[in-house]
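The values are calculated or read from the model by the stated rules, or taken from the named source; none is laboratory data. Treat the numbers as computed from the prediction; the structure is a model and nothing was measured. Don't worry about glycine lacking a Cβ; one is built from the backbone with ideal geometry, like all the others, and counts go over all protein chains shown.
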Amino acid sequence: MTKDILWRKGDWAAFFGLLTNNLTNLLTMIGLLIFVVGIPQDMVYGTIAPAFGLAVMLASLFYGWFAWQLAKSTGRTDVTALPSGPSAPSIFTVTFLVIMPVYKTTGNAEFALQLALVWCVLEASILFFGAFFGDTLRRMIPRTVLLSCLAGLGIMLLAMNPLLQSFEAPVVAFVVLTLIFINWFGKSPLFPKIPTGLLLLVVGAALAWGFGLQSPEAITNALSLAGFNPPGLHVDSFLQGLPHSLPYLASAVPLGLANYVFDLENIESAHAAGDSYPTRKVMMVNGAASTVGAMLGNPYPVTVYVGHVGWKSLGAGIGYTVASGVTMFLVTLFGLGSFLLALIPIAAIVPILVYIGIVTANQVVRESPKNEVPVIVVALFPWVANWALTIVNNVMAAAGTSIATLGTKTLAAKGVYYVGLSHLGNGAPMSSLLWGCIAIFAILNQPLRGVAAALVAAALTYVGFIHSPTVGIVAPGSTAMGLVQGYVMIAGVFVLKYVLDRREAAKFAPSTTAAAR
């Protein structure tokens, strides 16, 4: 039983898939800091990266322990541990809203990191103290809504870009995708005696090297970056940054709330798949691991990563998440991230992430009653807008322009409604959740809960937590104020529905006189 719990056949594929996702985030973080912001390499490789890996490993070890406890208490051998990883949105937010402006203004990389560490601790605090309310919120928010939000995240943030990468290397990825369809979606696997995860990597690597998509020079260059970089204490850095951090903390609160929602959604997804984990303990672990990482020099928080149901469908157990976390730490400790991706082609691995996104989305379809299916689509829209908004902004940045230069009317003339895209795409985690609630409370005829959801949305919009690129009170007469008014009007519709329902019910209720007779 112990062997079956600790490492199962499906752990191999899950290990490589989760590790690749985390490595991709790691290399994205390294690339942004070094090549975009200009942070010195010795600080990135010697301070931030190893602390980054350690934080992910800590959360992974605790997730493995939680899974072990669940298996022991239930006697089950099919328990799948939660996946651990960094908060991907935080990588961009803390880099561009904290580290980059501070470094460009002061030229002091150490000072920029100090402020970012304070930012990370604030996010961690939201997760830690919010853990005491997590179970209550899971009971208040319908499962369909939580899973629908996670489905949108899985499709647009986890699967969409890997699918685009697949179409850039079709001679590798198309074969790997087809093997996934046959072996993991189908019932008659090809080469059943070979673990599918290993098969994907071997076939993908052979095709990539055979078609000349990988080069020995990349391996040589990657090895030149290797070296032993143990993490060290940076408590002093955190304390020194604390007095100067207030102007940069506005973005931490809404993103901290978004990460909080991610955790709730992923924990609920695991529960729906049969693995019930203690919400409070999981979220406290994320907060604690993020805080420890910050004290060692990592400004990026960790979270429950999307994909549990996908890894479970592969037959993964406990070992994959523990092994992935330990490997992440070793990779960052010795600077081997670039080497691994130079050796194993990304085109051979990203189709696995496409599979996880599909399975994550399929879970909500499978778990939702038929009358609640429209909620899935409603909750998906903010995620689509968020992905499209990111693409549009990145294209403008690459072209050396901005929306201020082009103007919203110019884009609207070309069919790009940037104002609406910005409103719908910003704050996608929270707005997806709130619109899902509005839709489901309308469908289930729960008008008072609909009032509450609409008013919460109005309040969050008014302070810029959703539908806005920056936090701040919305200006009178702005389009954002129109959103606030729109949400208040939604609340008014629900109030009207409640009043009319009460009147209708009163017509058919027996009168007091009739009851007395």
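Please list, ordered by first then second residue, the pairs with beta carbon atoms under 8 Å, 6 or more apart or interchain, first in the stretch 41-66 and farther than 14 Å from residue 19 by Cα, second hydroxyl-bearing (Ser, Thr, Tyr) and surrounded by fewer than 24 Cβ atoms within 10 Å (Cβ to Cβ).
Close Cβ pairs satisfying both conditions: 66/277.
I'm trying to understand the selection: among the residues of the stretch 327-342, which are out of contact with any helix residue (DSSP H, G or I) (no Cβ under 6 Å at 6 or more places or on another chain) and either among the β-branched types (Val, Ile, Thr) or part of a helix (DSSP H, G or I) (or both)? Spell out how you get there, then give the answer.
First, pick out the residues of the stretch 327-342 that are out of contact with any helix residue (DSSP H, G or I) (no Cβ under 6 Å at 6 or more places or on another chain): 330, 334, 336, 340-341.
Across the stretch 327-342, the qualifying residues are 330, 334, 340, 341.
Tell me the residue from 42, 78 that is over 25 Å from residue 316 (Cα atoms) and either of a type in the set (Asp, Glu) or outside any helix (DSSP H, G or I) (or both), please. Write out each step before concluding.
Details: 78 fails: over 25 Å from residue 316 (Cα atoms).
Answer to the check: 42.
Any idea which of 17, 53 is at pLDDT 90 or above, crowded, with 23+ Cβ neighbours inside 10 Å and not in a loop (DSSP other than H, G, I, E, B)? Explain how you work it out, then say what you get.
Details: 17 fails: at pLDDT 90 or above.
Result: 53 is the single residue among 17, 53 that is at pLDDT 90 or above, crowded, with 23+ Cβ neighbours inside 10 Å and not in a loop (DSSP other than H, G, I, E, B).
Conditions: (1) within 23 Å of residue 156 (Cβ to Cβ); (2) of a type in the set (S, T, N, Q); (3) part of a loop (DSSP other than H, G, I, E, B). Residue 445 meets all but one. Number of the miss?
Failing condition for residue 445: (1).
Just checking, which of 459, 453, 475 is within 26 Å of the chain's Cα centre (by Cα), free of Cβ contacts under 8 Å to residues at least 24 places away in the same chain and surrounded by fewer than 20 Cβ atoms within 10 Å (Cβ to Cβ)?
Values: 453 fails: surrounded by fewer than 20 Cβ atoms within 10 Å (Cβ to Cβ); 475 fails: within 26 Å of the chain's Cα centre (by Cα).
None of the other options fit; the residue is 459.
Among (1) under 26 Å from residue 10 (Cα atoms); (2) under 22 Å from the mean Cα position of the chain (by Cα), which single condition is residue 186 missing?
Result: residue 186 fails condition (2) only.
Could you please find all residues in the stretch 26-43 being in contact with a helix residue (DSSP H, G or I) (Cβ under 9 Å, 6 or more places away or on another chain) and surrounded by fewer than 22 Cβ atoms within 10 Å (Cβ to Cβ)? Can you show your working first?
If we filter the stretch 26-43 for residues that are in contact with a helix residue (DSSP H, G or I) (Cβ under 9 Å, 6 or more places away or on another chain), which is where we start, we get 26-30, 32-34, 36-41, 43.
The answer is 27, 28, 32, 34, 36, 37, 38, 40, 41, 43.
How many residues are surrounded by fewer than 18 Cβ atoms within 10 Å (Cβ to Cβ), under 25 Å from residue 116 (Cβ atoms) and of a type outside the set (Phe, Trp, Tyr) when one looks only at the stretch 220-240?
First, the residues of the stretch 220-240 that are surrounded by fewer than 18 Cβ atoms within 10 Å (Cβ to Cβ): 220-221, 223-228, 230, 232-233, 235-236, 239-240.
Now narrow it down to the ones that are under 25 Å from residue 116 (Cβ atoms): 225, 227-228, 230, 232-233, 235-236, 239-240.
With of a type outside the set (Phe, Trp, Tyr) added as a condition, the list becomes 225, 227, 230, 232-233, 235-236, 239-240.
Adding up the residues that qualify gives 9.
Can you pull out every residue in the stretch 414-438 that is of a type in the set (A, V, I, L, M, F, W, C) and part of a helix (DSSP H, G or I)?
Here is the first cut: in the stretch 414-438, the residues of a type in the set (A, V, I, L, M, F, W, C) are 416, 419, 421, 424, 428, 430, 433-435, 437-438.
Within the stretch 414-438, 419, 421, 424, 428, 430, 433, 434, 435, 437, 438 qualify.
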